[in-house]
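The values are calculated or read from the model by the stated rules, or taken from the named source; none is laboratory data. This one's a predicted model, so the numbers in the text were calculated from it and none came from an experiment. For neighbour counting, all protein chains shown are included, and Cβ atoms are generated from backbone atoms with ideal geometry for every residue, glycine included. Note: accessible area is taken over every heavy atom of the protein model, side chains too, but ligands, DNA and RNA are not part of it. Shrake-Rupley method; radii C 1.70, N 1.55, O 1.52, S 1.80 Å.
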Amino acid sequence: MWGALRQNLMYSVRTLLKKPGFTVTAVLTLALGIGATTAIFSVVYAVFEPMPYPKPDQLVMVWSKVRGQRNSVPAGDYFDWKQRSRSFQGMSGWTGASFNVSTADRPEQVTGSKRTPGFFTMEGLPMLFGRDFLPEEGQPGKDHVVILSNRLWSQHFGADRDIIGKDIRMNGEPYTVVGVMPPGIHDRFNSQLWVPLALKPEQITHDSQFMPVMARLKDGVSLEQAQAEMNGIASQLQDEHPDSNANRAVSVEPLHLNFLTDATRRNLWLLLGAVSFLLLIACVNVANLLLARGTSRQREVAVRAALGASRIRLFAQFLTEGLVLAVLGGSLGILLAGIIIDVIEAVMPPVGTMLPSEATIRISIPVLLFTIALTTVAGLLFGSAPAWQATRLDLNEVLKLGGRSGGSGARGNARRALVIAEFCLALTLLASGGLALKSFWNLTRVDLGIRTEQVLSFRLPVPDNRLKGAEQIRSYYQQMLEKIEAIPGVRKAAAMTGVPARGPSFGRGFNIVGQPPGNPSERRAAAFQMVTPGYFDALGVRVIKGRSFDEHDTASSTRVALVNERLANRFFPGADPLTQRISVEEPVPGGTRGQPIEWQIVGVFHNVRGAGFREDYSEIVVPFWQSPWPQISMVIRTDGDPKSVIKSIAAAVGSVDPDLPLAGVKTVDEIVSESLAIDRFSVVLFSSFGILGLLLAAVGIYGVMAFTVAQRTQEFGVRMALGATRSRVVSLVLKEGTILAVIGALIGLGGAYLVGRAMQSTLYGVGAMDARAFGAVAGVLLVAALLACLLPAWRASRVEPIVALRYE
């Protein structure tokens, strides 16, 4: 057996080397299919592989659950859970934060996190230097210690190995460095430094839900056991705190994939499905090439069979040739996969936006094993067709006719069927790209409710302890706005708590004054914004009824509000919104609950879309001077390029507060572009796969038509000898190719509809059966088929009757 296998391999290599054009075409076709599939599988595997923590299955998230929806956890619940539970080795919570880290030039804002002591010990990854936070460092006044990521340590502190125990200035205060994380996954997190989460007694309540909680199960404790114990603790807290915990349950969930959205899961599986179609097209293409080549080798097969070669030996020979091609294509495909992964990472949204921060896209051992299995299956798949054909020959007929009978009959029909299958798959694949492209186009045409051109946006990361009281906040930001608006080139400046296109900062329930609160399950809720009067002019937000804010809307005047069209139409149908008053619970820094405050509605403004742009939401806007907030964003409308005034704005801000940097400086156009990043990524990949599928299908029909023309040389010679014109011969070839493409396209419409159904939740403004998109895709496919048939048709029309007849 080994001797026969070695002979088959040697013969296959010699045979393939004799036809370098065929071999290169087949190997490149396979490399495209296998390389693209391997790259996308690497992305999917990076998401679903076990997380890079010790015993990752023990790590869980513990969520509060209200009316079936999971929520962050109140500090009071967290401390009760930690004290009463026995299922966990450790439990830790955290909140987001930002810090102004002093540098040699100006302070720089760094995204960080506040974590309860013991978090990194529970996580299980060792420090590069230093230690985790101590329990006592979770107390107010003892919390000025910091752990740095390896990236921040290297880039901003020169990888100083003696940094442990030294002080760095953050938010204008000294923090002692107690640890540095090793290089790896923490460098990909948004948070690049960590300080202890130290809560004051008034913050430890059961009301405000602001803290995600992670825990590690004890050895031998199952998820079900932990859930049962937490259900009991939740029941105790319901009895002890009926006002806050009456409807609150607890959910214990695996950390793995806990933050992966359903939309991202669907996108990943859709991409893997799309690239599988591309691989199928490649396999069908190579099968077609092998069938055509096998037809030209019929005399060779007949002679070998006549000399005693068995059908099994012939089948094994052709199958070996297919596997050799598959190995060559797979090897090149692995190299190509590395390039494709680099391209994917270049166009993919930042890690943490679409994929988990722990995901590392690479060609790992499991991915290599997948590629080997894929290559073997592909070789068996397309190698079986010519092998089966070789064992079904009528040897007497082939020897009698000199091998000229292979261009018709069942073998010709098999090649045509494969071309139809190629076009069916190509249309399905191209339809996915067409639907994604139309969805993206629809998103770019959405009315955002703002004018984005010539507008600069940035955040002012004021430390929590900097501003005390409403009056100090007003004075601080009034000075800043006055200095910024005095800069040449600045047309309008405004402060707000959330920039449109990113989304509002707050969500708030509200009541309509004079009406009953309504059913709790149908709670009235809206986005809530505090803005200065320049907000509407700076962003071009249209007030369609009533008035906007002005300098008369001060802290001492009547509290007024504007609502958007959606809220007005939904909650005041048939009534004049300007006659209504609403009661909203005022946001209070520190997470405590504020008192309900009544606001008189004085205007209605056009809906403003948030991040993603897919739907409107109800929104309430109130004057910043009547409800000041310590941390804000600003938008600046300029006369020219917004980025030309950044240095002047930084100087104006520095003149008010030397320790305050500008954070997240971007034009609103850039923010809009970032909001479309995931949709753009889907368009690029689906369209790329669709175009590759189209090219492979065009190559497939070209190969079949070229081979058909070569086989029908005598027929065309006879036709032209009997008076057929060259245009008639061209039309014959084009007609055959077009019929194959049309049949494949018609069958492919069914697949395109199924793809549309599968993609429906990720599309915007596109139905599962979009006639225009499918019509455009089918048109492109048919044009490609006609172009692919032109060269064989032209060759057929150039056949000289005398030469053809003499050759035969």
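Numbers for the structure displayed
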read-out: The stretch 211-231 residues that are at negative phi and at pLDDT 95 or above, paired with ones that are among the β-branched types (V, I, T) and part of a helix (DSSP H, G or I) (beta carbon under 9 Å, 6 or more apart); value: none
read-out: One residue from G610, G640, G664 being open to solvent by less than 10 Å² (accessible area, probe 1.4 Å), touching a residue at least 40 places away in the same chain (Cβ under 8 Å) and not aliphatic (A, V, I, L, M); value: G610
read-out: Total residues in the stretch 566-582, condition small (G, A, S) and crowded, with 16+ Cβ neighbours inside 10 Å; value: 1
read-out: Flag if F528 is among the aromatic types (F, W, Y), within 21 Å of I636 (Cβ to Cβ) and crowded, with 21+ Cβ neighbours inside 10 Å; value: no
read-out: In the stretch 587-615, the residues that are of a type in the set (D, E) and at pLDDT 80 or above; value: E598
read-out: Residue check for H206: more than 30 Å from P356 (Cβ to Cβ) and outside any helix (DSSP H, G or I); value: yes
read-out: Pairs with Cβ under 9 Å, 6+ apart, first in the stretch 746-761 and under 13 Å from A421 (Cα atoms), second open to solvent by 30 Å² or more (accessible area, probe 1.4 Å) and not in a helix (DSSP H, G or I); value: L749/M769
read-out: Search result, residues across the stretch 82-111 that are open to solvent by 30 Å² or more (accessible area, probe 1.4 Å), part of a strand (DSSP E or B) and within 20 Å of G172 (Cα to Cα); value: G96, S98, E108, Q109, T111
read-out: Enumeration of residues in the stretch 61-80 that are in contact (Cβ under 8 Å) with a residue 40 or more places away in the chain, over 13 Å from I233 (Cβ atoms), polar (S, T, N, Q) and part of a strand (DSSP E or B); value: N71
read-out: Matching entry among A373, A378 (being among the hydrophobic types (A, V, I, L, M, F, W, C), surrounded by fewer than 17 Cβ atoms within 10 Å (Cβ to Cβ) and at pLDDT 65 or above); value: A373
read-out: The stretch 667-687 - residue that is open to solvent by 20 Å² or more (accessible area, probe 1.4 Å), within 21 Å of K438 (Cβ to Cβ) and of a type outside the set (A, V, I, L, M, F, W, C) and, of those, nearest to the chain's Cα centre (by Cα); value: D679
read-out: Hits in the stretch 17-29 (condition: over 22 Å from L336 (Cα atoms) and assigned to a helix (DSSP H, G or I)); value: L17, K18
read-out: Filtered residues of the stretch 685-742 (kept if among the β-branched types (V, I, T) and free of Cβ contacts under 8 Å to residues at least 60 places away in the same chain); value: T725, T738, I739, V742
read-out: In the stretch 18-50, residue farthest from the chain's Cα centre (by Cα) [restricted to those that are of a type in the set (G, A, S) and open to solvent by less than 20 Å² (accessible area, probe 1.4 Å)]; value: A26
read-out: Filter pass, A31 being in contact with a Gly (Cβ under 8 Å, 6 or more places away or on another chain), under 30 Å from A234 (Cβ atoms) and of a type in the set (A, V, I, L, M, F, W, C); value: no
read-out: Filter result for P623 (over 23 Å from F549 (Cβ atoms), surrounded by 17 or more Cβ atoms within 10 Å (Cβ to Cβ) and touching a residue at least 12 places away in the same chain (Cβ under 8 Å)); value: no
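Results for (1) assigned to a loop (DSSP other than H, G, I, E, B); (2) touching a helix residue (DSSP H, G or I) at 6+ places or on another chain (Cβ under 9 Å); (3) surrounded by fewer than 21 Cβ atoms within 10 Å (Cβ to Cβ); (4) in contact (Cβ under 8 Å) with a residue 40 or more places away in the chain, shown as yes or no for each residue.
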| position | (1), (2), (3), (4) |
| --- | --- |
| L425 | no, yes, no, yes |
| A436 | no, yes, no, yes |
| N442 | no, no, yes, yes |
| D447 | yes, no, yes, yes |
| I484 | no, yes, no, yes |
| K492 | no, yes, yes, yes |
| A495 | no, yes, no, yes |
| V499 | yes, yes, no, yes |
| P517 | yes, no, yes, no |
